[in-house]
Amino acid sequence: DTGVSQDPRHKITKRGQNVTFRCDPISEHNRLYWYRQTLGQGPEFLTYFQNEAQLEKSRLLSDRFSAERPKGSFSTLEIQRTEQGDSAMYLCASRRQGTSGGNEQFFGPGTRLTVL
Amino acid sequence: AQRVTQPEKLLSVFKGAPVELKCNYSYSGSPELFWYVQYSRQRLQLLLRHISRESIKGFTADLNKGETSFHLKKPFAQEEDSAMYYCALSGRSNFGNEKLTFGTGTRLTIIP
């Protein structure tokens, strides 16, 4: 296990299309987070899971966005009816709750979405 | 509301000179503070966290609750320190509110 992985790394789509991204966390990490990063900004929180339960959602996560973690392992983030404003880097992070490292989150490489 | 401010978008320092990247925060409870670094073409990775009070790659950061600051410092800059640095904040992980709130980042360039 070499770390958090994300697929695809790049996605180009046309406005109005649906896209889905996948995140595979580090094994045994029960918490999984999604962030979005736009040009010139730091990552912004979208949502997080403990195992399969979605515990918090940001108001940035409009009704066109849905995230799942059905078996408590990998997670998917779907964006329906994409808009040009959705163009961003989507980051996934994970951590194991209860470790001595506090809230240290391990990040994946990201999926860069471009909406034309 | 929780907020992290990094006032410098760009910072250039000569090799061997001291480095200080500024970070100020706003949070009503007891925060956890972090510095993350992103080297060219690499993923975001943790550099320091205030709870461990350690020095990584010669960098240190002290949490100053009075000034609500968590500045990152290194006495002698090295060329390999060139990267994007993000300051981040969360609530204490055992009490919820564990989303990370990031600053806008500072791009550090070390001049040979």
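The values are calculated or read from the model by the stated rules, or taken from the named source; none is laboratory data. From a predicted model like this one, the values you see are computed outputs, not experimental measurements. Cβ placement follows ideal geometry from the backbone for every residue including glycine, while neighbour counts extend to all protein chains displayed. Each accessible area value is taken on the protein alone, full model and side chains, heavy atoms only, with ligands, DNA and RNA left out. Shrake-Rupley method; radii C 1.70, N 1.55, O 1.52, S 1.80 Å.
At a glance:
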| quantity | calculated |
| --- | --- |
| Loop sites in the stretch B:55-91: GluC sites (Glu not before Pro), DSSP, at most 11 other Cβ within 10 Å | B:E67 |
| Sites B:F14 and B:R53, calculated FRET efficiency, Cβ-Cβ separation with R0 25 Å, nearest 0.05 | 0.30 |
| Cα-based Kirkwood hydrodynamic radius, chain A, one decimal, Å | 14.2 |
| Interface burial for B against A (accessible surface, 1.4 Å probe, total of both chains, Å², rounded to 100) | 1700 |
| Cleavage-rule hits, trypsin sites (Lys or Arg not before Pro), the stretch B:31-108, DSSP coil, Cβ neighbours within 10 Å at most 15 | B:R41, B:R53, B:K57, B:K65, B:R92 |
| For chain B, built as a Gaussian network whose Cα springs stay under 10 Å, the top-fluctuating residue of B:A61, B:A83, B:A17 | B:A17 |
| Set B:K15/B:K73; A:K57/B:K22; B:K74/B:K99 screened for pairs whose C-alpha atoms are more than 25 Å apart | A:K57/B:K22; B:K74/B:K99 |
| Kirkwood-Stokes translational diffusion coefficient of the stretch B:1-90, alpha-carbon pairs, 20 °C, 1.002 mPa s, µm²/s | 159 |
| P(r) weight above 16 Å for the stretch A:1-59, C-alpha pairs, percent | 59 |
| Candidates per GluC sites (Glu not before Pro) in the stretch A:7-94, loop by DSSP, up to 11 other Cβ within 10 Å | A:E28 |
| Vicinal HN-Hα couplings computed from phi for the stretch A:80-93 (Karplus, 6.51 cos²θ - 1.76 cosθ + 1.60; Hz; Gly/Pro x) | 9, 6, 4, 10, 4, x, 7, 4, 4, 9, 9, 10, 10, 9 |
| Relative compactness, the protein assembly as shown, computed as alpha-carbon Rg over 2.2 N^0.38 Å | 1.02 |
| Alpha-carbon centroid distance for the pair the stretch A:27-101 / the stretch B:1-36, whole angstrom | 24 |
